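Notes follow once the structure below has been shown.
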Amino acid sequence: MNNVILIGFMGSGKSSVGKVLANKLQRNFIDMDDEIEIGEAKSINDIFDEYGEERFRELETSYLEKLFTKKNKVISTGGGVVLKEENVDILKKIGTVIFLHTPYEALLNNLQGDLTRPLLQRADSKEVIKNLLEKREPIYFHAASMIIQTKDKSINDITDEIIKLL
Ligand code: S3P
């Protein structure tokens with residue numbers, strides 16, 4: 001089976017779902033944000049702070065390119081990975097792209113008090129989430145070949161649903 005790739009907004013559960021899914025499918029799990037943090041020996045927060053978002057986006061693409069050699073993995077991506085068409089093309093080439101669709105209210109709840117996401121470290125973070133979501137949601141829908149609604153579902157439910165559809 002091909003790589004399985006999870007896309008979706010920050011806080012939609014890509015990493016948590018990815019870990020459980022990989023376990024159930026007996027595959028290795030790759031978290032793109034972790035790959036970047038390990039490879040650069042810096043947290044995502046520090047990369048944004050020291051080099052800015054644009055540099056982070058370049059790193060994101062270069063780490064994605066390394067995935068061409070991978071097979072049979074479960075891969076979770078950063079929420080902004082779909083912003084570059086080039087990245088979406090790579091994702092579609094290397095596997096089945098699954099969008100975890102989570103409604104705004106649930107995202108707010110999951111992201112409340114988060115300190116790890118540089119884009120949300122501001123007083124008007126709710127507004128930022130709303131605006132980013134409006135901009136990105138159509139892109140996630142377009143990039144994905146499979147859409148999973150996560151509302152009111154457990155990680156167990158979500159992973160079972162994905163497995164049935166694969
Ligand atoms: C980002 C999402 C983050 C991380 C970075 C930027 C975004 O990943 O890549 O903070 O632009 O949505 P998660 O979606 O795993 O939080």
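Please give the number of the condition N72 fails out of (1) on the phi > 0 side of the Ramachandran plot; (2) free of Cβ contacts under 8 Å to residues at least 60 places away in the same chain.
Among (1) on the phi > 0 side of the Ramachandran plot; (2) free of Cβ contacts under 8 Å to residues at least 60 places away in the same chain, the lone unmet condition for N72 is (2).
Of the residues V88, V97, which single one is closer than 20 Å to E60 by Cβ, touching a residue at least 60 places away in the same chain (Cβ under 8 Å) and not in a loop (DSSP other than H, G, I, E, B)?
Residue meeting the stated conditions: V97.
Residue by residue, here is whether (1) surrounded by 18 or more Cβ atoms within 10 Å (Cβ to Cβ); (2) assigned to a helix (DSSP H, G or I); (3) without any contact (Cβ under 8 Å) to a residue 40 or more places away in the chain; (4) of a type in the set (S, T, N, Q) holds:
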{"residue": "A106", "(1), (2), (3), (4)": "no, yes, no, no"}
{"residue": "L119", "(1), (2), (3), (4)": "no, yes, no, no"}
{"residue": "R122", "(1), (2), (3), (4)": "no, no, yes, no"}
{"residue": "N131", "(1), (2), (3), (4)": "no, yes, yes, yes"}
{"residue": "P138", "(1), (2), (3), (4)": "no, yes, yes, no"}
{"residue": "E161", "(1), (2), (3), (4)": "no, yes, yes, no"}
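Go through region 69-97 and report how many residues are closer than 24 Å to T159 by Cβ, over 9 Å from the mean Cα position of the chain (by Cα), of a type in the set (S, T, N, Q) and buried (at least 20 other Cβ atoms within 10 Å of the Cβ).
Here the count works out to 0.
Residue by residue, here is whether (1) in contact with a Gly (Cβ under 9 Å, 6 or more places away or on another chain); (2) more than 11 Å from the ligand (Cβ to nearest atom); (3) not acidic (D, E) holds:
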position	(1), (2), (3)
V81	no, no, yes
L100	yes, no, yes
L107	yes, no, yes
L111	yes, no, yes
D114	yes, no, no
P118	no, no, yes
I129	yes, no, yes
Q149	no, yes, yes
I162	no, yes, yes
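Can you pull out every residue in region 143-156 that is part of a helix (DSSP H, G or I) and either at positive phi or surrounded by fewer than 12 Cβ atoms within 10 Å (Cβ to Cβ) (or both)?
Listed by number, the list holds a single entry, N156.
Taking region 1-52, which residues are within 11 Å of the ligand (Cβ to nearest atom), part of a loop (DSSP other than H, G, I, E, B), closer than 21 Å to A143 by Cβ and out of contact with any Lys or Arg (no Cβ under 7 Å at 6 or more places or on another chain)?
G11, S12, G13
Among the residues of region 10-58, write down those that are closer than 22 Å to L83 by Cβ and among the hydroxyl-bearing types (S, T, Y).
S12, S15, S43, Y51
Computed from the coordinates by the stated procedures, all read-outs in this text should not be read as laboratory data. Here the structure is a predicted model, which means the values were calculated and not measured. Don't worry about glycine lacking a Cβ; one is built from the backbone with ideal geometry, like all the others, and counts go over all protein chains shown.
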